[in-house]
Structure formats: structure tokens, C-alpha cells
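Right, one structure below, let's go through it.
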Amino acid sequence: MPVKPELLAPAGAWEALVAAVQNGADAVYLGGKLYSARESAGNFDRQELERAIEYAHVRGVKVYVTVNTLLSDQELPEAARFLHFLQQAGADAVILQDPGLIRLARKAIPELPLHASTQMTVHNIPAARLLKAAGMKRIVLARELSLEAIRGIVRQGGAEVEVFIHGALCVCYSGQCLMSSLIGGRSGNRGRCAQPCRLSYILVNEENRQLASPGEVGDHLLSPRDLNLSAHLPDLVKSGITSFKIEGRMKRPEYVATVVRVYRSLLDRALTGAHYAVAPAEMRELAQIFNRDFTTGYFYGRPGRELMSYKRPNNRGVRLGRIKGFDRNSRLAEVALEEPLRVGDGIEVWVTKGGRAAGEVHRIVSGGKNVERAPAGATVSLEIPGRVFPGDRVFKTHDADLMERARETFTSAREHRKFPLLFEVFARAGEPLKLKATDPAGLTGEAETASPAQVAQTRPLTLEYLRKQLGRLGNTPFELAELRCELDGPVMAPVAEINEVRRTALARLEERKLAAVKKEPVPEAVFRSRLAGALSTQPVKRPDPVKSPDLAVAVTELSALKAAVRAGAGMVYFGGERYHSRVPVTPDDIRAGMDICSQAGARFILSSPRILQDDDLDWFCRLLEKVDGPQLAGVQAGNLGLLKKAGELTDKTIYADFSLNVFNAEAAAFLAEAGAGQITLSPELTLDQIRALVRLLSVPAEVIVHGALPLMVTEYCAVGSLLGQGEKCSGPCRGKTFGLRDRKGIVFPLETDQFCRMQLFNSRDLCVIESAGALAETGVAALRIEARREGAKYAREVVQAYRTALNCRPWQQDEIMQLKEKLAQYSPQGFTRGHYFRGVL
């Protein structure tokens with residue numbers, strides 16, 4: 001039989017926790033009131049966390065606590081203290097995103113197991129190895145990986161692997177999305193995503209002309225379907241994945257109860273090795289409780305438009321039937337049912353003209369009579385708000401029976417998940433009756449009566465009588481599986497004492513179950529000493545103080561590189577990342593770029609895509625080996641895997657990109673210890689935060705000051721999915737530019753890289769030229785201009801403008817503003833100052 005994987009369930013609040021445990025979860029993940037990526041969930045305060053851990057542990061369920069947001073230097077000490085509290089409370093692990101908190105946790109509380117959140121964007125083998133070496137016990141992989149890629153990480157990554165198997169999908173790689181942050185100030189990296197991906201967008205060309213009809217394909221072009229791998233559990237079991245994760249901390253407890261119950265049954269069947277199939281009733285329940293239509297995600301390759309729910313960003317329910325007719329006088333619609341229906345269900349009609357008509361079913365008319373229920377196959381009349389038309393589709397969005405069944409598992413006092421016990425009774429006249437309860441793990445609880453057993457005169461204790469009394473386990477998480485009795489002659493004991501000895505034995509068993517899983521708490525004094533020694537609170541004196549920052553430019557065309565260097569750029573990122581809209585870059589172009597930089601005294605850094613799955617990473621490493629030489633100053637690394645591999649392949653400086661989310665000094669130190677020689681700070685930091693942070697760094701830092709900031713990077717390509725003509729994309733993106741236009745008419749440019757990953761950019765270019773001097777005074781080593789989507793003229797003009805601004809005196813602000821006005825011609829949708837002066841929520 002295959003190794004049994006863990007079934008991991010979400011718990012956004014107490015009722016969802018109970019629902020998960022009672023319906024068969026092996027482990028739950030939940031968040032505290034702070035530092036959780038699902039801040040809008042109910043979450044748990046400290047007292048509730050202690051109660052939740054005890055509740056779960058008594059029932060054999062593990063608890064993982066999410067502390068998976070980016071943290072400022074000011075927040076790190078309190079976050080570390082929260083981890084100490086969790087270790088003392090008995091949490092089985094914590095799920096982290098911030099590299100700085102990982103580093104701090106390993107020093108201050110090494111006894112606490114750490115899991116790497118999917119927010120860390122782990123998508124290749126070297127990244128898993130790096131995090132394993134950094135102390136991570138488990139890696140929650142990016143949801144964009146194929147099953148084949150997951151198998152490779154399981155075999156070679158060295159750490160436990162956790163994957164999502166059911167629930168909502170992000171269209172962007174988790175941890176790489178800045179869309180909610182930059183357009184609304186609510187950062188997904190800080191747990192406050194506003195989900196702009198679920199809004200309406202239309203694909204347009206560079207002339208802003210619509211390319212796909214919303215009426216035909218839909219207008220929710222960034223809204224994925226829900227993941228559902230229920231039919232493929234045997235494949236996942238064979239892969240060696242440690243934990244099967246259900247998404248849904250924002251979902252109601254009925255959802256958690258239903259999905260966990262179905263997957264518990266499916267996983268148990270998959271483990272038997274017998275013929276496996278998902279019953280139609282099980283698939284119907286998964287769909288009924290919530291779905292945006294289902295997808296298998298990327299597990300079996302890129303699904304294209306089959307990944308997406310273009311027409312519906314929220315629950316679609318289960319198809320109930322079609323409208324056969326509508327009586328305007330009675331306001332009753334005739335519906336041919338394909339599923340059962342009862343009063344109290346919720347329905348929605350997809351109206352041919354006019355959108356949706358939805359409501360609760362208050363009345364069902366069948367055969368001229370009001371009925372409470374109607375079976376599939378019946379034709380009934382229903383009251384439906386609004387006007388509907390024959391042929392309109394009707395969906396059941398709320399199933400009252402399913403909800404009541406789910407609700408009963410977490411609202412009643414009765415335990416639905418029972419653990420079998422062996423009870424052993426020892427009784428002899430003149431001695432206390434003794435009871436021993438043993439659970440499947442061999443843990444025991446013993447108790448004895450307060451008074452000795454007596455010689456029975458009329459009704460001695462029997463096996464049947466004791467089974468009846470001891471089997472009354474009611475609202476406990478236990479059930480009597482086996483009873484063994486050693487009764488020395490006809491003896492009796494009062495029923496009250498038998499009941500009391502049962503309660504006492506179970507209480508002691510629960511105490512031992514808790515003690516068996518709880519680790520030795522780290523004393524407060526020990527933790528405080530470790531934390532004080534670990535925190536970097538004093539300014540760091542770097543060996544080579546920064547006098548004036550370099551101007552760095554990221555480009556994808558050789559002509560733009562040449563223009564930027566001639567205009568005064570001191571660093572250039574080029575060669576490793578390419579867009580289909582631009583002219584392809586060859587190794588000869590890279591060598592030519594290095595020559596240009598070398599002659600001008602500028603540093604040439606080989607650029608790279610943020611995302612490099614293992615095959616892509618192999619390609620990039622071959623490219624690096626091909627162009628490495630004296631003129632190569634460094635390599636840009638946008639993910640942990642490349643950071644590790646580049647350090648193994650070259651002795652050149654590794655430049656960690658903004659995608660590695662450096663939000664604090666500890667994160668910078670983590671990357672420096674992993675091999676980074678320079679780091680780009682998070683674009684979500686303010687100027688004041690940067691000023692304070694740079695004083696604490698032992699590694700040079702870079703900030704992005706101008707250009708189009710990427711909001712998303714995704715395996716899904718809107719252009720290919722909508723215009724690519726079938727499963728094999730015809731490459732409609734080559735040599736052209738596209739965008740997504742939102743409901744307000746704002747266009748977000750998009751590009752497709754050499755691996756056909758889509759990058760979506762902010763509608764307004766970042767521009768802080770008036771603050772270039774202030775940024776230079778912070779001590780950063782470089783100010784970067786993002787010109788990957790631009791040509792030579794743009795690169796030349798922007799570099800010249802920033803070079804001039806850096807040379808201006810404080811009283812020359814008018815001249816700087818004139819420079820900004822000149823640059824505005826290249827940004828027709830306007831400028832943004834990003835988060836430099838507003839920060840993120």
C-alpha cells in the first residue's frame with residue numbers, strides 16, 4: 001500500500017476548524033489575528049489558538065499556523081515572539097513567507113518546525129534544496145507545476161512536499177502579484193488582496209481595439225476556475241507528495257465540512273490500490289458546495305482557456321434545468337428539473353437578456369399543488385424574481401439538504417469522528433474496580449473506583465452490562481471497539497462509580513494524547529536571549545560606502561542597451577529575459593552588449609526571468625555557461641533556485657531581483673548568505689522604510705525608480721488562449737503588443753516571455769525623478785530604470801533625465817519637474833509614485 005499522504009484542511013474560524021476535524025482532516029492550517037495572508041478570514045486570537053491546538057491534538061489532528069506575510073523590521077521582533085508563543089502552545093509547524101522571519105526563527109526558536117508558504121514561489125528543485133538547507137521541513141509548492149515537475153522536486157528536493165488539490169486558484173504565481181497592491185494599495189503579500197483578478201477585462205491590441213467579444217467568450221479574463229483533483233488522487237499518491245491541501249480559509253464552514261468529507265472518503269479509497277472512481281454524487285457535492293467550474297490546473301500540462309472561468313468569477317452552482325415557459329400573471333416560471341429541488345434551495349437563472357435572476361425557492365408547484373420537494377425529471381413551476389425566457393438555464397446555487405448535513409457536523413455536541421478504544425476492566429471483591437482505556441497509538445488512560453467492588457448478591461457485572469455502560473461515550477471523540485474483562489467471581493460496583501471511572505480514564509487518556517505530541521516549551525528567558533542576539537538593530541558599516549548610486553537599466557533590445565550606456569547608465573540588465581513582442585536576443589547579441597558595456601566602463605548583468613521551472617532553469621544555465629567571461633559582471637536572479645544554481649556555476653556577483661521580496665534587513669541577510677551580492681528592495685516599501693532599512697544592510701541595495709512595474713506573472717496567457725487557435729498556440733503574440741482594458745477603460749499592457757509566460761504591467765509608469773536625490777541620500781547602490789518593454793529612444797531619454805536629476809541641487813526642483821514633463825510623452829496613461837510615499841495596507 002502507498003504511503004498515506006496527509007489531508008490538510010483550511011480553518012478560517014472556529015466552526016471551520018471543527019468542520020475540518022470532524023469530517024476527517026489529518027491536519028488543519030489556520031491563522032492568527034496578525035501576519036496571516038488571509039487577514040479577512042475570522043482567524044484566531046491567542047486564547048483561541050491554544051484552544052484550537054488542544055481540540056485538534058486530542059483528536060489526532062495536527063495544526064499548522066500561517067505567519068505568511070512580508071514583515072517590516074519593526075514587525076519582526078513581535079512576529080518572532082508570536083512564533084515563540086506558538087511553540088509553547090504546541091503548534092506542529094508554522095507556514096512562513098518572509099525570508100527574514102525564516103532566518104530569525106532559525107536563530108531564536110529552532111525547535112519550531114517551519115514550512116515554506118506557496119507565497120515563496122518555490123517552483124524548481126534548487127529552490128527546494130536551498131530552503132531545506134535553511135531549515136525548512138516542508139515546501140508548499142507553486143500551483144503552476146505539472147505532476148512530472150512535482151515528482152522531480154519530491155525525489156530531489158530533500159524536503160517534504162505539500163500541494164493544493166482543491167479550491168480557488170490565483171492566476172498569478174503566489175508571492176509575485178502586485179496588482180492589488182499597486183492599483184489599490186492592498187497588498188497580497190501583506191494578507192489584504194482585493195482580488196482585482198476577479199473583475200472584468202477585455203483583450204485589446206496596441207490601438208486599444210477589442211480582440212475578443214465579451215458576449216461570446218466572457219469578460220473575466222483573469223479569473224481561473226477552481227482546482228479539483230478528486231479524479232486523480234491515485235496519481236498524486238504515487239508521486240510521494242506528503243500533504244494534500246484544500247484551499248479555503250475564506251470559505252464558510254459548510255464548504256470545509258463537505259469538501260473534507262468527500263476527499264477523506266476518496267483518499268482512503270485511493271490508498272487501497274483497488275479500482276478508483278469518483279462517484280457522480282461525490283462530484284455533484286463538490287460542485288454544489290462551491291465552484292467556478294473545475295480544472296485540473298497545470299498538473300497535466302497547460303490547459304489554456306480551460307483553466308479559466310471567463311463568464312463567471314463566483315459560484316456557479318449545479319445546473320438544475322431550463323426554463324420551459326413563464327406566466328406573467330402568476331409570475332411562475334416552468335422548469336424542467338435535472339436535479340432534485342426543495343423549498344429553501346437557492347437558484348439562479350442565466351437570463352438570455354439581462355444578466356442573472358437569483359433568489360431562494362419559497363414555493364414549488366407540481367401538478368397544481370404546492371409541494372416541499374420535487375425530484376429530478378419533474379416539471380415544476382417556481383417563483384423567480386425578474387423576467388426570464390424559455391431556454392434560459394437555471395442553476396442551483398444553494399442546496400439546503402447538503403448545507404444541513406454539513407452544518408450538523410460542526411454545530412451539534414455529538415462527535416462525528418470517533419477513535420476506537422480498547423477497554424480493559426479488572427474487578428475483584430474487596431478491591432477497586434480498575435479500567436484501562438487504550439487508543440490505536442498505544443496511549444492509555446487508567447482509573448479506579450473510589451470504593452471497592454462488592455460480592456454480588458443478585459446481579460453481578462457481566463461483559464454485556466459493562467459494554468453497555470462503558471459504551472456510553474456520547475460527546476467524546478472515542479468509541480468502544482473492544483472490551484476485555486477480568487471479573488474474579490460474581491462482583492458488582494455502583495453504576496455511578498462505573499460512569500465516573502470511565503470519565504476519569506478518558507480524561508487521563510486525553511491528557512496523555514496531548515502530552516505525546518507537545519514538544520518541550522522553550523523557556524521565556526532562553527528565547528529572549530536568543531532573540532536579542534539574533535536581531536540586527538544597529539547600523540552596519542559597509543566596507544565600501546556608497547557615494548553616488550549607479551543608474552541601472554533593464555532592457556530587452558541591444559539598441560536600447562547601447563542607448564542607455566551612451567546616456568550614462570552604469571549598470572545594464574540584458575540578455576536572459578526576452579519578450580515575443582521584441583526582436584529575439586541571441587548569444588552574439590549578449591556578447592556585443594558586454595563589449596559595449598566594457599568599453600564604456602558599465603557593468604553588464606545577465607538578466608533572467610522571475611520564473612524558471614527546472615527545464616527552463618537548465619536552459620538558462622546553459623546560456624550562462626556560454627556567455628560567462630571576464631566582461632560579465634554578474635547574473636540577475638529572480639528566484640531562489642537560480643540564486644543557488646548561479647552561485648554554483650560562476651564566481652560573478654549575483655543580483656537578487658525584487659521578486660525575492662526583500663522587506664527587511666533579515667531578508668537581505670538571508671539572501672546574502674545564500675549567495676546574493678546585491679539585492680533589489682521590494683517595490684512595496686516607502687522612502688522612509690528604505691532609508692531606515694539601508695542603514696542595517698551588509699549588502700548593497702537597489703531600488704526601482706522608473707518604468708513599467710510588472711503586476712503579475714502567470715503560466716496562463718490571455719493572448720494565446722483567446723487568439724491562439726486551439727491547443728497548439730499559433731503564436732499570435734509575436735511581434736505585437738497587447739493589453740487588458742478594465743471596466744474603467746484603463747489599459748494594462750501585457751507581454752509574453754520566451755517561455756510563453758504572460759506578464760501584466762501597471763497601466764501607469766513608475767516615476768520618482770523628483771525624489772532621485774532623496775533616494776540617492778539613503779545609501780542605495782543603484783537606481784533602476786525598467787525599460788524591458790521599450791526601445792532605444794526611451795532608454796536614452798530616461799537615463800539622461802535621471803542622470804541630470806541626480807546632479808541637480810535641491811533648489812533646482814523646477815528643472816527636475818521639466819524633465820518629468822518631458823518623460824511624460826512616453827507614458828500616455830500617466831505616472832505613479834508607487835508606494836514610495838503611501839506604503840501598503
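Mind checking the stretch 147-251 for trypsin sites (Lys or Arg not before Pro) that DSSP puts in a loop (not H, G, I, E or B) and that have at most 13 other Cβ atoms within 10 Å?
Values: sites: Arg151, Arg155, Arg186, Arg190, Arg192, Arg198, Arg209, Arg225, Lys238, Lys245, Arg249, Lys251; in loops: Arg186, Arg192, Arg209, Arg225, Arg249, Lys251.
When the trypsin sites (Lys or Arg not before Pro) of the stretch 147-251 are filtered for loop state and at most 13 Cβ neighbours within 10 Å, Arg209 remain.
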Item to complete: For the chain, report the accessible area per residue in Å² (1.4 Å probe, heavy atoms, rounded to an integer).
Response: 40 Å²
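Show me the ranking of peptides 519-525, 93-99 by mean Cβ neighbours inside 10 Å, starting with the highest. If you can, show how the numbers build up before the last one.
Numbers: 519-525: 12.0, 93-99: 26.1.
Taking the mean over residues of other Cβ atoms within 10 Å, the ranking is 93-99, 519-525.
Report the calculated FRET efficiency for Gln156 and Ser559 (r = Cβ-Cβ distance, R0 = 41 Å), to the nearest 0.05.
Details: r = 41 Å, r/R0 = 1.00.
Working from the Cβ atoms, E equals 0.50.
Among 622-630, 173-181, 764-772, how do they line up by average Cβ neighbours within 10 Å per residue, starting with the highest?
Numbers: 622-630: 13.8, 173-181: 24.0, 764-772: 21.7.
So the order, starting with the most tightly packed, is 173-181, 764-772, 622-630.
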Worksheet item: Where a Cα-Cα gap under 19 Å defines reach, which lysines qualify for Lys744, not counting those fewer than 8 residues away within the same chain?
Response: Lys311
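For n ≥ 4 DSSP H runs only, could you compute -39500 (n - 2.57) per run for the chain, divide by its residues and tell me the 222 nm figure to the nearest 500? Mind showing how you got there, number by number?
Numbers: 25 runs with 268 residues, N = 841.
Result for the chain, helices only: -9500 deg cm²/dmol.
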Discussion item. Using only the alpha-carbon atoms, how far is helix 280-289 inclined from the longest principal axis of the chain? Give it as 0 to 90 degrees, nearest 10.
Written reply: 60 degrees
Item to complete: For the stretch 412-421, take each phi angle, set θ = phi - 60°, evaluate the Karplus expression 6.51 cos²θ - 1.76 cosθ + 1.60, and give the result in whole Hz per residue in order, putting x for glycine and proline.
Response: 7, 6, 6, 7, 9, 10, 10, 9, x, 10
Worksheet item: Over 27 Å between Cα atoms, which of Lys547/Lys644; Lys396/Lys418; Lys238/Lys728; Lys137/Lys238 qualify?
Response: Lys547/Lys644; Lys396/Lys418; Lys238/Lys728
Worksheet entry | Label-point separation in nm, Ala592 to Phe389, each point 7 Å along Cα→Cβ | 5.9 nm
Discussion item. Run the simple label-point estimate for Ser366 and Ala413 please: 7 Å along Cα→C-beta, distance reported in nm.
Written reply: 3.7 nm
Worksheet entry | Reachable aspartates and glutamates from Lys793, criterion Cα separation under 15 angstrom, eight or more residues apart if same chain | Glu557
Worksheet item: Leaving out ligands, DNA and RNA, what percent of the accessible area of the chain is carbon and sulfur, probe 1.4 Å?
Response: 48 percent
Fill in: Amide hydrogen neighbours beyond the local backbone of Ile364, cut-off 5 Å, H modeled
Val371
Discussion item. For the full complex of protein chains and a 1.4 angstrom probe, list Phe290, Phe574 by accessible area with the highest value first.
Written reply: Phe290, Phe574
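What does the C-alpha gyration tensor say about the overall shape of the stretch 698-762? Classify as rounded when a/c is under 1.5, otherwise prolate if a/b is larger than b/c, or oblate. Please list the in-between numbers first.
On the way: a/c = 2.87, a/b = 1.63, b/c = 1.75.
Taking the square roots of the gyration eigenvalues as a ≥ b ≥ c, the stretch 698-762 is oblate.
The values are calculated or read from the model by the stated rules, or taken from the named source; none is laboratory data. Because the structure is a prediction, the values reported are computed rather than measured. Cβ: placed from backbone, ideal geometry, glycine included. Neighbour counts: every protein chain shown. The area values use the complete protein model at the heavy-atom level, side chains included, leaving out ligands, DNA and RNA. Shrake-Rupley method; radii C 1.70, N 1.55, O 1.52, S 1.80 Å.
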